[in-house]
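The values are calculated or read from the model by the stated rules, or taken from the named source; none is laboratory data. Model, not experiment: these values are computed from the prediction. Using ideal geometry, Cβ is built from the backbone for each residue, glycine included, and neighbour counts are taken over all protein chains shown.
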């Protein structure tokens, strides 16, 4: 039973309900109580017993809980049902409509002091922010959810912490995203809080930033832990997300068929759950796997499906990121003009604070296209901008590839010292299938 309100609040509520119904204090009191008792109660000078509240609730025609707490009967249950509907709306890709539903539900939950429902609505608003590309708003909603759940166990706060980490990751703050996820994992493990769903959410979430940072061994270990936890998890959508994330580590290990099979599992689960945004992300990831493996025709097909789905769902940031990877495939298929047009069309949607790694990938590809047309000045400008974005984000997975491209360009122009600086910057970072945002760079020209 929720904690009841203080006597003054209950007294005012009884008085308001009595007056709305046109009843006297005597009519409400009889036959068990006196009008004087009702007068004292309405003034807030007495704390009514459960028995007295049940009597008053019956006379006033309301439920016991509504009289004691101000919350209409079945309010929490009704709110949870409507939150589930909002979640379904978001799953079908209608993020803007879902955001309106969540905002209304949040206001209602706040009005009635329903903490768990407030947090659920805020988490939904955070996911809507990520889907529509409003990363700052998304992060702020996740932060509010954490504050609302400040007194709850850590396992209850994990979805909000993971959401905040994803927002920082998309903003190009890879190290901070990893710090949030790792420190939460450490705290869970130290406290012996073995919650499979919470742990799976965190291990799955940390794989992508690990890969972008070049921490491939850590990514593989996180994937191993996630796979071990999956049979214990109760949320099938979470298991599907795990399969999608693990595919990248499998690809980096050269296990292309297993990566593709993992994505096929995830896609089938998302189809059954009718989660369109995540299904689009599966097509995106399969396109990435095929591009890394040199199967460009299938890569283009999958990436186009992903982009069409994400564009229809108005997922602006994700759609722009897919466009960069599609442009890479088009360039490698000999359609550089089409690729450049696509990149120029989406580059305005990407920046150091919004999709930084893909913003760098777009500049890298425009640099390669400029080199193809012998516009070395434009190529260098694009490579330098890409390098700045990657260094700021800490995306070591792409740095080695880019530093080699820039170093080769500078060396061919006779700027040996500058070329050596670029090569040194890239030293120590590994470039292998599955570790870079885009497919392999062109083969190194003969010296």
Exercise. Quick one: which helices (runs of 4 or more DSSP H) sit completely within the range 107-201 and have at least 3 residues that are surrounded by fewer than 19 Cβ atoms within 10 Å (Cβ to Cβ)?
Worked result: 135-148, 154-170, 174-190
For this session: Answer yes or no: is there a residue in the range 189-209 that is over 25 Å from residue 271 (Cα atoms), under 16 Å from the mean Cα position of the chain (by Cα) and at pLDDT 90 or above.
Result: yes
For this session: Return a yes/no flag: does the range 139-149 have any residue that is in contact (Cβ under 8 Å) with a residue 40 or more places away in the chain and within 25 Å of residue 312 (Cα to Cα).
Result: no
Exercise. On the given criteria, is residue 348 surrounded by fewer than 22 Cβ atoms within 10 Å (Cβ to Cβ) and in a loop (DSSP other than H, G, I, E, B)?
Worked result: no
Problem set entry | Given (1) touching a strand residue (DSSP E or B) at 6+ places or on another chain (Cβ under 7 Å); (2) at pLDDT 95 or above, index of the condition residue 359 fails | (2)
For this session: For the range 368-387, indicate whether the set of residues that are under 28 Å from residue 99 (Cβ atoms) and either in a helix (DSSP H, G or I) or not assigned by TED's automatic domain parsing to the domain that holds residue 129 (or both) is non-empty.
Result: no
Problem set entry | Tally, over the range 290-300, of residues that are modelled with pLDDT under 90 and crowded, with 21+ Cβ neighbours inside 10 Å | 1
